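Undergrad: Below is a structure I'd like to ask you about.
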Amino acid sequence: MRKRLSWPIVIAVTVCAGLLGAYVALTVAGLHQSGVGLWLRDFAKSPGAAALAALVAATIAFRGISRQVAVSQGNLALEQDREQDRSWWQSFEWAASRCIPLDEEHRPLPADVSINILNALQLTTSTNVQGSACAGILDVLSSGPLTREDAGAPTSESESSTPNSEAMRAQEERTVQALLSYVESSAGTAAASSMAEFRLYELRLLISLHELVGPTVAFSSHIARQKLKGASRFRPDAVMTVEDRDVIVEIKHTSRPLKFADRMISRSVESIRGKGLTDPVLLVTSEEVEIPDSVRLTLAVETVRWRGPMDDEALKDALERASKLSPWRHSD
């Protein structure tokens, strides 16, 4: 790669060379007695020549110093970047060890605190690797219990009005808000987490179900599994009691409309029926799902699109419709 010329130096050298060449040429030609020759000879002996030489020297020196300063600044910036990178990874390791402790004796940070820390880290990433690291930790964190319902804590009428229950509900709301902030700020980046998007959708939906139906809801826990006798390994998203009828709730978050033939939908229902469970199923999805009436009645499946609290009435109506479906019967 060719080095670029320094124009101040080129101009200074050219001026000096021109003056010196003119002086030599006039002297050799015997024209030094002329006006031009006398002026050049006198100028060469004058303070002006010394000043010009000093200017040229200063220009050359300034250029050299400028290059040294530029190199030093570049090295400093590189070292600062490296230090920031080291500092970021140290912060990430600290956060990861407290969000998901390897030692079972250590208690993890509350879910909302962990998510907020990861959000702060992903906002300061400088590489896609760092963003992916944040998404990876949040994926693991989101796959575990984030709220009381996730942890399998029972919900009853007496608990719903206690101060402790209100504190838990407040923490759940903070967790939802933390997830929402992370999902919005990381959208379209390497730090985006599809698992976090699903859990945000799921938690908001479960909160709406709780507000609509109340403590008759048994969420994804040992309680829900106990309600479904003979399905000890089956983990429903929720089981709700509506008019003395249990309704199995399956939650699906997708970015496109679906049909029952899509594997995500058909496999979910077939898995439930394959375990011999006869209770009606309500599929709650973020996009429309087309299910033929024949399938709806045969498999005792109802569907509803829920995008947020604005669809709560539709969700309640769908629950009521599902509770009125005839139990599924195995066909030989």
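Undergrad: In region 230-244, is there at least one residue being in contact with a His (Cβ under 9 Å, 6 or more places away or on another chain), surrounded by fewer than 22 Cβ atoms within 10 Å (Cβ to Cβ) and modelled with pLDDT under 75?
TA: no
Undergrad: Here's another thing I want to ask about it. Looking at region 106-136, which of the residues that are assigned to a helix (DSSP H, G or I) and among the hydroxyl-bearing types (Ser, Thr, Tyr) is surrounded by the fewest Cβ atoms within 10 Å (Cβ to Cβ)?
TA: This residue is Ser132.
Undergrad: Can we say Arg305 is surrounded by fewer than 17 Cβ atoms within 10 Å (Cβ to Cβ), modelled with pLDDT of 90 or more and either touching a Ser or Thr at 6+ places or on another chain (Cβ under 9 Å) or over 29 Å from Glu173 (Cα atoms) (or both)?
TA: Yes; evaluated as a whole, the condition is true for this residue.
Undergrad: Out of everything in region 141-172 that is loosely packed, with under 14 Cβ neighbours inside 10 Å and at pLDDT 80 or above, what residue ends up being farthest from Ala196 (Cα to Cα)?
TA: Out of the qualifying residues, it is Ala170.
Undergrad: For region 277-286, check the following and say yes or no: at least one residue is surrounded by 13 or more Cβ atoms within 10 Å (Cβ to Cβ) and farther than 19 Å from Asp246 by Cβ.
TA: yes
Undergrad: Give region 164-211 a look and list any residue that's among the hydroxyl-bearing types (Ser, Thr, Tyr) and closer than 14 Å to Arg307 by Cα, or say none.
TA: Across region 164-211, the qualifying residues are Tyr201, Ser208.
Undergrad: Cβ contacts < 6 Å: first residue within 20 Å of Glu287 (Cα to Cα), restricted to region 186-198; second residue small (Gly, Ala, Ser), any location; separation 6+ or different chain. Result?
TA: Pairs that qualify, where the first residue is within 20 Å of Glu287 (Cα to Cα) and the partner is small (Gly, Ala, Ser), are Ser193/Ala135; Met195/Ser142; Ala196/Ser142.
Undergrad: Something else about it: Restricting attention to region 173-193, report how many residues are assigned to a helix (DSSP H, G or I), at pLDDT 90 or above and surrounded by fewer than 19 Cβ atoms within 10 Å (Cβ to Cβ).
TA: Count: 5.
Undergrad: Still on this model: May I ask you to say which residue of Asp85, Asp103 is in a helix (DSSP H, G or I) and either modelled with pLDDT of 90 or more or among the acidic types (Asp, Glu) (or both)?
TA: So the residue among Asp85, Asp103 that is in a helix (DSSP H, G or I) and either modelled with pLDDT of 90 or more or among the acidic types (Asp, Glu) (or both) is Asp85.
Undergrad: Moving on to the next point. Suppose we filter Leu118, Leu109, Leu76 for residues that are at pLDDT 90 or above and hydrophobic (A, V, I, L, M, F, W, C); which single one remains?
TA: Leu118
Undergrad: Using beta carbons and a limit of 6 Å, which pairs, at least six apart or on different chains, have the first residue in region 226-245 and under 13 Å from Ser271 (Cα atoms) and the second one modelled with pLDDT of 50 or more and part of a strand (DSSP E or B)?
TA: Correct list of pairs: Pro236/Ile248.
The values are calculated or read from the model by the stated rules, or taken from the named source; none is laboratory data. None of the values given here were measured: they were computed from a predicted structure. We place every Cβ from the backbone using ideal geometry, glycine too, and count neighbours over all the protein chains shown.
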